[in-house]
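Structure record follows, encoded as structure tokens.
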Amino acid sequence: MRTKNRSVIYYTVSVCCILLLAWISLFTGVKDIRVVDLLGDEDKLIVFLISRIPRTLALILIGAGLSISGFIMQQLSQNRFVSPTTSGALESAKMGILFALVFSPEASLMVRMLFALVFTFLSSLLFIWFVEQVKDKNTVFIPLVGIMFGSILASISTFFAYKNNIVQNTQEWLLGDFSSVMQGQYEAIYIILPIVLISYLYAERFTIAGMGKSFATNLGLSYHTVVNIGLVAVSLVVSASVVTVGAIPFVGLIVPNVVRMLIGDNLRRALPLTAFLGAVLLLGCDIIGRLLVFPYEIPIGMTVGVVGGIAFFLLILKKSK
Amino acid sequence: MEFKKENKLIFQGLVKEYGKKRVIDKLDGSVVNNRITSLIGPNGAGKSTLLSILSRLLKQDGGEVSFMDKSLHVYKSNELAQKLSILKQSNQTDVKLTVKDLVAFGRFPYSKGRMTETDWQKVQEAIAFSDLEDLTDAYIDELSGGQRQRAFISMIIAQDTEYILLDEPLNNLDMKHSVHVMKTLRRLVDELGKTVVIVIHEINFAAQYSDYIIAMKDGKIRYNDEVNHIIRPEILREIFGIEFDIIEKNNKKICNYFNL
């Protein structure tokens, strides 16, 4: 079987990349840490434990989580250009956090995350409802509306943020950045692990739902239940990652499309590779951001934004020719 | 013959309205077991609506469907999916799934995602039944329209339901694929004892391959009878509003309406 062999190659390569990049990520930074230091130098060991390991883990988890979220959203909306970035999900998560801060400036991480979750879920519901109303699913029209929807949400957020003296402009607020990930502040993202597991269990249902409502109903599947479960999963991942590291654009858009080109749409088969490649993308972009202006850092939201923006453009070009 | 007791799919007083417009109006009738029944009629006659209600994709505004001695709406989704399948004409085609993946979905009502040895065997059989062995590992978005339609039908075959409902399965297919699809449906009925209901536009396919015809017009069933009783110039003229010339050859009727 040719396809089997190809999958094995993709998996081997992506796992090797993750290991290599994780290694680089662990040993890149202002403080020069080498493997031997971990045994003797206590200072360096502490930096390693409370900063480097959490950062690397966060990159892997969020990369995987956002990519899987994108894949699920694309299947449920039957549109390849839909992702947390192009459906207003990131903006609604930000909006949730903002409203949490408006109600109580001292809002704990948990409260902020809860607000983000509720806002993200509601806006995804609205977005999916909108997609259902549109007859032709395979158009660039849908993500464009998603982006506009996001801009409207962002403007509303900016208005309230400005009025309440929280931030001047929500556009740059909470731009994805892993530099402040530290032990004790990033643990919310572990919620991504069970979500990935649930997504794997539900993979077949998501793919079936992605074939359309009548197709799913014919197979005895409750279409709306599956859609809701998918949106809750996506909202959890997006809100957990926005609360801990900020908004990271395009990951959920690019990775699923690349994976689909490599091994197709069957989520059960594609999900692990999606998770791996998501991790590779974020690790890579974070390392670039750390090295380009060393010893300073470029936030990952920017590096991914540049890489992802170009890739998005190429995708649309490829699609419309 | 409309209310034969042994028929398992019976409907009475079916009504469906979109806003003020009544698309089907108090339909009574039944589908004969182990036969192919074609739903024919002009656009907007309510054929697809009737099919959707019979398969529970659409909820009627009035009337009752009885399926295997029970009301259709008391069935659990999964139970119904093992007894009755429906294939609509608008399927997502831009999906990178292999034919095998797609056909395997047909086993979902039984396997719930955990395919057993038996399930895979059914998948193999379904693929063989529709002559798609060569395309087992091909992606459906790379197939021709006809091959893709056969792949979807193959999924329905794997679903292995007693009742199979198809909404315009010949839509956009060339003649060769249309004949292939109809022959497959015929074999499903003759060899496996299924009951097939199809919405079909080309009257000659209905005349050649089906056993019964339900002829609809303006949301009402005008005729529900054996093929030979329906394929008559005066009846077809009444349904479609154009002239028909019926040519009989080897006991099969061919309708010429192309240029009369």
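Every number here is computed from the coordinates shown, using simple stated rules; none is lab data. As the structure is a computational prediction, the values presented were derived from the model and not from experiment. In this analysis, Cβ positions are derived from the backbone assuming ideal geometry, glycine residues included, and neighbour counts consider all displayed protein chains.
Table for the structure above
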item: Sites A:R268 and A:V134 - FRET efficiency at Förster radius 30 Å, r taken between beta-carbons, to 0.05; result: 0.60
item: Stokes-Einstein D for chain B, Kirkwood Rh over Cα pairs, 37 °C, 0.692 mPa s (µm²/s); result: 173
item: Calculated P(r) of region A:2-320 - Cα pairs past 32 Å, %; result: 27
item: Extension reserve of the A:I166-A:R6 stretch, reckoned as 0.36 nm per residue once the Cα distance is removed; result: 52.5 nm
item: Residue exposure sequence - B:V227, A:V167 - by fewest surrounding Cβ within 10 Å; result: A:V167, B:V227
item: Nitroxide proxy distance, nm - points 7 Å out along Cα→Cβ at B:E133 and A:L45; result: 6.6
item: Separation in nanometres of the label points that stand 7 Å from Cα toward Cβ, at A:V15 and A:F294; result: 3.0
item: Beta bridges per DSSP with both ends in the protein assembly as shown, % antiparallel, nearest 5; result: 60
item: Considering only chain B, percent of DSSP beta bridges that pair antiparallel, nearest 5; result: 60
item: Anchor B:K217: aspartates and glutamates whose Cα lies under 12 Å away (excluding residues fewer than 8 positions away in-chain); result: B:D25, B:E238
item: Sequence of A:V134, A:V8 once ranked by neighbouring C-beta atoms within 10 Å, starting from the fewest; result: A:V8, A:V134
item: Highest-fluctuation residue, A:L45, A:L122, A:L174 considered, GNM on chain A with Cα pairs under 10 Å; result: A:L45
item: Lysine pairs within region A:2-320, Cα separation less than 22 Å, 8 or more sequence positions apart or different chains; result: 7
item: Ellipticity estimate at 222 nm from DSSP helix runs (n ≥ 4, -39,500 (n - 2.57)) divided over chain A, nearest 500; result: -24000 deg cm²/dmol
item: Listed pairs B:K88/B:K194; B:K76/B:K112; B:K8/B:K47; B:K122/B:K183; B:K194/B:K249; B:K183/B:K220 exceeding 22 Å between Cα atoms; result: B:K194/B:K249; B:K183/B:K220
